[in-house]
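Q: The structure under discussion is supplied below as structure tokens; questions concerning it will follow.
Just so it is clear, none of the values below were taken in a lab; they were calculated from the coordinates. These figures come from a predicted structure and were not determined experimentally. Cβ atoms come from the backbone with ideal geometry, glycine included; neighbour counts cover every protein chain shown.
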Amino acid sequence: MTERGRTSYGCPPTRIAWHWTILLAVPMVLLTAMTMTQGQPLPKELRLLIPLIVSFVFLNAMFILMLRSGRIDQFRSPVFILYALGLVMMFIPNMLEVRGTVAIGAEEIVQGKVPFCHMVIPMTIIPAAFTRTIIFPGSMLEGFASIGTMLVLWLVVSIVLGRGWCSWVCFYGGLDEGFSRILRTPLIRRISPTLRYVPFAVLLVIVLLSAVYLTPTYCEWLCPYKSVTEFAAVTDARTLIQTVIFVALFVGLVIILPILTGKRTQCGLFCPMGAFQSFTNKVNIFGIRIDKDKCIQCGACIKACPTLSLDQTCLEKGSPRMTCSKCGRCVDVCKFGAVSMQIKGTPPGHPNLGRVLFVYPAFLVMAIMGGSMIQQGLYRIILLVTTGSLVGGS
Amino acid sequence: MKNIRMIMAYSWAVLAVPLILATFLGMPTWARFLVDTTGLKVAPKFSGGEVIRTIEYQGYSTRIHEPSFDGLFGPCKQGFVQIDWKANAGSFPETISEMIDYDQNGTVDFSVVIQTQTDQVTLKALDSPVIAPEPLISIPDMKILRIRLRNP
Ligand code: SF4
Ligand code: SF4
């Protein structure tokens, strides 16, 4: 099934022969065609047709290259980044069209019109257990991103991918990932390993505060992504302080620090949802395996890991820390074929089988969710170019 | 034993794709199933709580929600009751004036007057649990008022 690729030294990643690649890609092509068109005939309007075709071709090209090359992150990352940008491009104009502003007013809150976001999930668990209510101003079943829908999505993805959520599904993660890739050589190279525990501390604090006040504390005070989605209308000193915090955290954690460190600092050093999601890695079938016989301890994977999930101890132990988001970068950078995606409970020696079985469901979720975001983001850009405005159109 | 574990692991990995597909294809059904089986609801702090009484008037209706004193381990010392006024044909009369018995014990708890053009609210507490009104929320066809209460 595999053939040797060309690299300058050591073992290259194992490629998959073209005929196998095509055969494996066909179901993904059909599934993405089905989900992106939603079973409807192709739109006649060019402004809708072009984004659909471009995103369809882009997604499948990335998937085919991922299968063929033996690499994961190299072809995951562009999709993940565009997915996040697509969300921002789609969300803001959409909110402007629906409610005339991106600010959430008391009206939206009392009417349960705020889209539910996975970031809230850790904060809802204790209140849900004690009061059987969800502490969020959304709708259980109706409207865009209802609570029920997002909970089902999160449950299934957590079972299937664990913290793979953070490199394949989270619609925000691509933002700090994008900024972390701007500089080839990071300006800050040393990050204290102790900082890896900060997300767990943030998680503990916000979970407890949310339980005490029965309100999603992180969303109210700390979420950097409010800056690029929606936040409470600034009406008093409290909402002004909240907005300043959102913007400061976004600029610091999602833009500046990722550029300077080359790491996903929001995801690896702050996000409580990421910390929470790490626990789901424990019950998940897919994981990274480091073959101690092949590993020459060069440390390339440690340097490359965007979430600081690898260190010397991991190389000795043969697996990353529980915070691994299964981005696959360590698999790609290891020139000695020592790092692979594995299925827990299976013997080593079949790197491509583990990789294909993992990337299939992972890419499928990303394509279903990200495909529509990229498509809608592209549509907004075309709208901007053709009409001079991001809102309006069909 | 090792082989059984290996077969189970591969089977589980292979099942991941159908599981993802089934999730997306049947999303409304799964979401409803989850909500029905867990009985989860949006917290009254955000939804206003269940509507326990609707009173019809000429041109509008008044909806009284269940008073909420939600706390993590049981009722809190303070809470609120939410009252909604919904216009039937798009607009309200100039003044809404109403006596509210939110706990339905036969005694009026407070009287409320709303100037619908200016959204000015005058609330007169007639029973000791009533503390004060929160700012009126006005949306097309609807006025929403929360009144803070002491838990009797
Ligand atoms: S760490 Fe947080 S923001 Fe980052 S990908 Fe995970 S859930 Fe999303
Ligand atoms: S250990 Fe590897 S797969 Fe996991 S987050 Fe780090 S680079 Fe990505």
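Q: Let a ≥ b ≥ c be the square roots of the eigenvalues of the Cα gyration tensor of the stretch B:2-42; is it rounded (a/c under 1.5), or, if not, prolate (a/b larger than b/c) or oblate? It would help to have the intermediate numbers written out before the result.
A: On the way: a/c = 5.65, a/b = 2.29, b/c = 2.46.
Oblate.
Q: Would you list, by chain and number, the lysines whose Cα falls below 22 Å from the Cα of A:LYS335, excluding same-chain residues fewer than 8 positions away?
A: The qualifying lysines are A:LYS263, A:LYS292, A:LYS294, A:LYS303, A:LYS317, A:LYS326.
Q: Please list, by residue number, every one of the chymotrypsin sites (Phe, Trp or Tyr not before Pro) in the stretch A:13-91 that is coil in DSSP and has at most 14 other beta-carbon atoms within 10 Å.
A: Details: sites: A:TRP18, A:TRP20, A:PHE56, A:PHE58, A:PHE63, A:PHE75, A:PHE80, A:TYR83, A:PHE91; in loops: none.
Passing sites in the stretch A:13-91 do not exist.
Q: Arrange B:TRP85, A:TRP165 by Cβ neighbour counts within 10 Å, fewest through most, would you? Can you show the working numbers first?
A: Values: B:TRP85 23, A:TRP165 27.
If I rank by nearby Cβ atoms, fewest first, I get B:TRP85, A:TRP165.
Q: Using Cα-Cα distances under 8 Å and only pairs 6 or more residues apart, what relative contact order does the stretch A:285-386 have, in percent?
A: Values: 104 pairs, mean separation 29.5, N = 102.
Dividing the mean separation by the residue count of the stretch A:285-386 yields 29 percent.
Q: What residues qualify as long-range amide H neighbours of B:VAL130, i.e. H under 5 Å apart, gap of 5 or more or another chain, H built at 1.01 Å from N?
A: The list, which skips near neighbours in sequence, is B:ARG150.
Q: Compute the acute angle (0 to 90°) between the alpha-carbon long axis of helix B:2-25 and the principal axis of greatest extent of the alpha-carbon atoms of chain B; round to the nearest 10°.
A: Long axis of B:2-25 versus the principal axis of chain B: about 40 degrees.
Q: So what's the stretch A:131-176 giving for Rg/Rh, alpha carbon basis, Kirkwood Rh from the mean inverse pair distance? Intermediate results must be reported in sequence, preceding the final value.
A: Details: Rg = 12.4 Å, Rh = 12.0 Å.
Rg/Rh: 1.03.
Q: Just need the Rg to Rh number for the stretch A:102-284, please, alpha carbons only, Kirkwood Rh. Don't skip to the end; give the middle numbers.
A: Details: Rg = 16.5 Å, Rh = 17.1 Å.
Ratio of gyration radius to Kirkwood radius: 0.96.
Q: Further question on the same structure: Within 10 Å of each Cβ of B:128-141, how many other protein chain Cβ atoms are there on average? Could the numbers behind the result be given before it?
A: Details: counts 0, 0, 0, 0, 0, 0, 1, 2, 1, 6, 2, 6, 1, 0.
That average works out to 1.
Q: Using alpha carbons only, how many degrees (0 to 90, rounded to 10) separate the axis of helix A:147-161 from the longest principal axis of chain A?
A: Rounded to the nearest ten degrees, it is 10.
Q: Something else now. As an exercise, take the mean of 1/r over every pair of distinct alpha carbons in the stretch A:113-196, invert it, and state the Kirkwood radius in angstroms. Numbers along the way, then the final one.
A: Numbers: mean 1/r = 0.0652 Å⁻¹.
Answer for the stretch A:113-196: a Kirkwood hydrodynamic radius of 15.3 Å.
Q: Peptide A:143-152: average number of partner chain Cβ atoms within 10 Å per residue? Spell out each step's value before the answer.
A: On the way: counts 0, 0, 0, 4, 6, 11, 7, 1, 6, 12.
So the per-residue partner count for this stretch is 5.
Q: Counting GluC sites (Glu not before Pro) as exposed when in a DSSP loop with at most 16 other beta carbons within 10 Å, what is the longest stretch of chain A free of them? Could you put the intermediate results ahead of the total?
A: Numbers: sites that count: A:GLU45, A:GLU142.
With GluC sites (Glu not before Pro) excluded where exposed in loops, chain A gives A:143-394 as its longest stretch.
Q: Report, ordered by chain and residue number, the lysines lying within cross-link reach of B:LYS41, taken as a straight Cα distance under 16 Å and ignoring same-chain residues fewer than 8 apart.
A: Cα-Cα hits under 16 Å: A:LYS113.
Q: With Kirkwood's inverse mean 1/r over C-alpha pairs for Rh, give me the Rg to Rh ratio of the stretch B:44-150, two decimals please. Before the final figure, lay out each step's value.
A: Numbers: Rg = 13.5 Å, Rh = 14.1 Å.
So for the stretch B:44-150, dividing Rg by the Kirkwood Rh gives 0.96.
Q: Moving on. Mind putting a number on the dipole of the stretch A:143-285 about its Cα centre? Charges go on the C-beta only, +1 for Lys and Arg and -1 for Asp and Glu, and I need it in Debye to the nearest 20. Walk me through the numbers before you get to the answer.
A: Numbers: 11 positive and 5 negative charges, 132 e Å.
Around 640 debye, computed over the stretch A:143-285.
Q: Sticking with this structure for a sec: Helix B:27-38 versus the longest principal axis of chain B: what is the Cα-based angle in degrees, 0 to 90, to the nearest 10?
A: Approximately 70 degrees, to the nearest 10.
Q: Based on DSSP loop calls and a cut-off of at most 12 other Cβ atoms within 10 Å, the longest stretch of chain A free of exposed trypsin sites (Lys or Arg not before Pro) is what? Let's see the in-between values first.
A: Details: sites that count: A:ARG6, A:LYS44, A:ARG132, A:ARG184, A:ARG189, A:ARG190, A:LYS292.
Answer - A:293-394.
Q: Using only the alpha-carbon atoms, what does chain A span along each of its principal axes? Please give whole angstrom values in decreasing order.
A: 61, 53, 42
Q: Next question. Answer with one residue from B:ILE114, A:TYR225, A:SER309: the one whose Cα lies farthest towards the positive end of the charge dipole of the protein assembly as shown, charges on Cβ with Lys, Arg +1 and Asp, Glu -1.
A: A:SER309
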